[in-house]
Amino acid sequence: MDQSYDYIIVGAGSSGCVLANRLSADPSVRVLLVESGPDDTSPLIRMPRGIGKLLAPGNPHVWDYEVAPGGNAPSETWLKGRAVGGSSSINGMVYVRGAPYDYDGWEALGCPGWGWAEIGRCFAELENHPLGAKAWRGSGGPLNITIHPSGDPLCEAVLDAAGQMGVPRVDDVNDMPAVMSGGMGYQPTTTWHGKRFSAARAFLTPVRDRANLDVLPETDVLRVTIENTRATGVVIRNKNGERQIYARREVILSAGAIQSPKLLQLSGVGPAPLLQAHDIPVVVDAPQVGRNLREHRYLSTQYRVTGNSLNKRFGGLGLLRSILSYAFLSRGPLTHSAHEVGGFIKTRPELEHPDAQIGVGLYSISATEKGVDIDPFPGMTILGYFTRPESQGELRIQSPDPMAKPFIDANHFSAEIDRLSAVSLFRWLRSLGKQPALAQWIAEETLPGARIESDEDILQNAVSLGGTAYHICGTARMGSDDAAVLDPELRVRGVTGLRVADTSIMPRIVSGNTNAPAMVIGMRAAELILQRA
């Protein structure tokens, strides 16, 4: 491989794969894509329900971080993708885009070019949607999308129960009526013919043989080299040792909302007192690097049901049947995403727009000493999260050693609106289970059960009632104000030739999953870079 490239992209995740595709389309430039994790060759990546094995601390395809969730709650583990494809290779494959007012809100906060007029266009260009093209929906794009098959009786009962609570059934939960006013339906997923369709499959695999594109997996980027406030390249380390690679035009950090701000801090861009404490020369005193951390915190209820649960298909002879169905027919429960049914709801009737996203899985789990196990009885899980949390956390390096993990404080439920919404959401989840259409299927609530009843009970147990949604963002936010880490073209303030393009850039979190927005961020970043070039 070369010692210098026009563009060096750090991180082959949802944003990085898109950037590699778009920037290497010009044969006159050379592009290097560097990924810390292995290639996406594991059969567990291709199998949608392989996430049960992939999402485990110590797995080579994930980063694992110890996180303080907030308040006095004990620390927990967060996992992020560490493989070609990034988190799109290990996530739940739920395809949700957020609402137009999310992106118009970014524009109003000082990010011109990031409103729905531009971002909605990018989503439509991205998609190959099974329902075909219409306003703000695409067909023929590189990302194949599947909608979970309809007709399961228990899923139908859930949708009927939601209707009894005033939530209409919709064909496409990303369509404008659903995201703007509420609606539930069968889940759109990033799967195709029963297999995961990651950002790597959509964007990188089709172009990986380009002569001007090099992909370097299992390679750590230790820091960005900056000389006279210009990014000149990166220092990498892999099985061949440590060396520097030079960037003739730009270095683009697409390593995710934890690794990208960590790399900025290790490279001298961050809060000056923090960098000085670790003897890192300060290139730019940027106090906001690592701050503004936003994340969705889901709450869940679990039930023993009378039938149609998938629990028995994930163990014993049932699992063997599922494996054979997957292997020979690309069908069955191993082809499902994290949720069979989902959508957007208002937890309080006076709200103008939905404030929560709901997901329903035809399985239930119990905690064990070794982790979690599928329940031995038929079960289902109904979960949701407040879509626009105001609580802000932070992350910061704890050592100049690039391999040392950062300190992360999620600071969940520190904002009053988050606490209010947690209560109203949890009560909505319980009400769904009591609707006539669904109640006939439910034998009992297994989690959390009768111990949680009052508002005080819900708030005191809010952290333990669910977990991280894996939607971390905001830690290198863009904006027009001087405190913003990035300008609206994603350029790092104070450094030439250095950008960030992943969920780090979000000024506020979107109203939904972050994988689809991460791909669109990569697409929009490529447009901005090519316009400048």
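Every read-out reported here was derived from the displayed coordinates using simple, explicitly stated rules and does not represent laboratory data. Predicted model only: the values in this text are computed from it and were never measured. Cβ: placed from backbone, ideal geometry, glycine included. Neighbour counts: every protein chain shown.
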Two-decimal log10 I(q)/I(0) for the range 205-342, as the Debye equation yields it once each C-alpha is a single scatterer, q = 0.10, 0.15 Å⁻¹:
-0.66, -0.88
5 Å-binned pair-distance histogram of the range 1-42 (Cα, whole percent)
5, 22, 30, 24, 13, 5, 1
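How big is Rg to Rh over the range 68-178, alpha-carbon atoms, Rh as the Kirkwood inverse-mean-distance radius? Each step should come with its number before you reach the end.
Values: Rg = 17.8 Å, Rh = 17.2 Å.
On the Cα set of the range 68-178, Rg over Rh gives 1.04.
Placing +1 at every Lys and Arg Cβ and -1 at every Asp and Glu Cβ, with all other atoms neutral, what dipole size does the range 431-523 have around its Cα centre, in debye to the nearest 20? All intermediate terms of the calculation are to be shown ahead of the outcome.
Numbers: 7 positive and 11 negative charges, 89 e Å.
Using Cβ point charges on Lys, Arg, Asp and Glu, the range 431-523 gives about 420 debye.
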If exposed means no more than 10 neighbouring beta carbons inside 10 Å and the site is in a DSSP loop, what's the longest run of the chain without any exposed GluC sites (Glu not before Pro)?
1-349
Debye sum, Cα scatterers, the chain, no solvent: what log₁₀ I/I(0) at q = 0.07, 0.10, 0.12 1/Å?
-0.36, -0.76, -1.12
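First obtain the Kirkwood hydrodynamic radius of the range 278-409 from its Cα pairs, then insert it into the Stokes-Einstein equation at 10 °C and 1.306 mPa s, and state the resulting D in µm² per second as a whole number. Can you show the working numbers first?
On the way: Rh = 18.8 Å.
Calculated translational D: 84 µm²/s.
May I ask for the net charge around Arg419, where only other residues with Cβ less than 12 Å from the Cβ of Arg419 are counted and Lys, Arg are +1 while Asp, Glu are -1? Present the calculation step by step, with values, prior to reporting the outcome.
On the way: positive: Arg297; negative: Glu390, Glu416, Asp418, Asp455, Glu456.
Taking every Cβ under 12 Å from that of Arg419, the sum is -4.
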Given the range 424-511, report the % of alpha carbon pairs whose separation exceeds 20 Å.
58 percent
What number comes out for the charge environment of Pro273, summing +1 per Lys or Arg and -1 per Asp or Glu over other residues with Cβ under 15 Å away?
-1
Taking the range 322-390, which trypsin sites (Lys or Arg not before Pro) meet the DSSP loop condition and have no more than 12 other C-beta atoms within 10 Å?
Lys370
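With charges set only on the Cβ (+1 for Lys and Arg, -1 for Asp and Glu), what does the dipole of the chain come to about its Cα centre, in debye to the nearest 20? Could you put the intermediate results ahead of the total?
Values: 51 positive and 56 negative charges, 241 e Å.
That gives the chain a dipole magnitude of about 1160 debye.
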What is the helix-to-structure angle for 515-532, meaning the angle in degrees between its Cα long axis and the longest Cα principal axis of the chain, kept from 0 to 90 and rounded to the nearest 10?
30 degrees
Can you show me the helix-derived [θ] at 222 nm for the chain, built from DSSP H runs with n ≥ 4 at -39,500 (n - 2.57) apiece and divided by the number of residues, rounded to the nearest 500.
-7500 deg cm²/dmol
Tell me, what HN-Hα J-couplings in whole Hz come from the Karplus equation 6.51 cos²θ - 1.76 cosθ + 1.60 at θ = phi - 60° for each residue of the range 492-500, using x for Gly and Pro?
5, 5, x, 10, 8, x, 9, 10, 10
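Which FRET efficiency, nearest 0.05, do Arg230 and Asn72 yield, Cβ-Cβ r, R0 45 Å? Spell out each step's value before the answer.
On the way: r = 45 Å, r/R0 = 1.01.
That pair, Arg230 with Asn72, gives E of 0.50.
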Can you tell me the equivalent ellipsoid semi-axes for the range 102-160? Use √(5λ) from the Cα gyration tensor, largest first, whole Å.
30, 17, 8
Helix 416-434 axis, angle to the chain major axis (alpha carbon atoms, nearest 10°):
40 degrees
Using alpha carbons only, how many angstrom separate the centre of the range 460-533 from the centre of the range 67-125?
8 Å
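If a/c stays under 1.5 just call it rounded; otherwise compare a/b with b/c (prolate if a/b is bigger, oblate if not). Do that for the range 366-447, with a ≥ b ≥ c from the square roots of the Cα gyration tensor eigenvalues. Before the final figure, lay out each step's value.
Numbers: a/c = 4.52, a/b = 1.62, b/c = 2.80.
It comes out oblate by the Cα gyration axes.
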Give me the net charge for the shell around Leu320: Cβ to Cβ below 13 angstrom, other residues only, Lys and Arg +1, Asp and Glu -1.
+3
Given a cut-off of under 8 Å on Cα pairs at least six residues apart, what relative contact order in percent is computed for the chain?
22 percent
Specify the angular offset, from 0 to 90 degrees and rounded to the nearest 10, of the alpha carbon long axis of helix 14-23 from the longest principal axis of the alpha carbons in the chain.
50 degrees
For the range 263-331, what does the convex hull of the Cα positions come to per residue, in cubic angstrom?
219 Å³
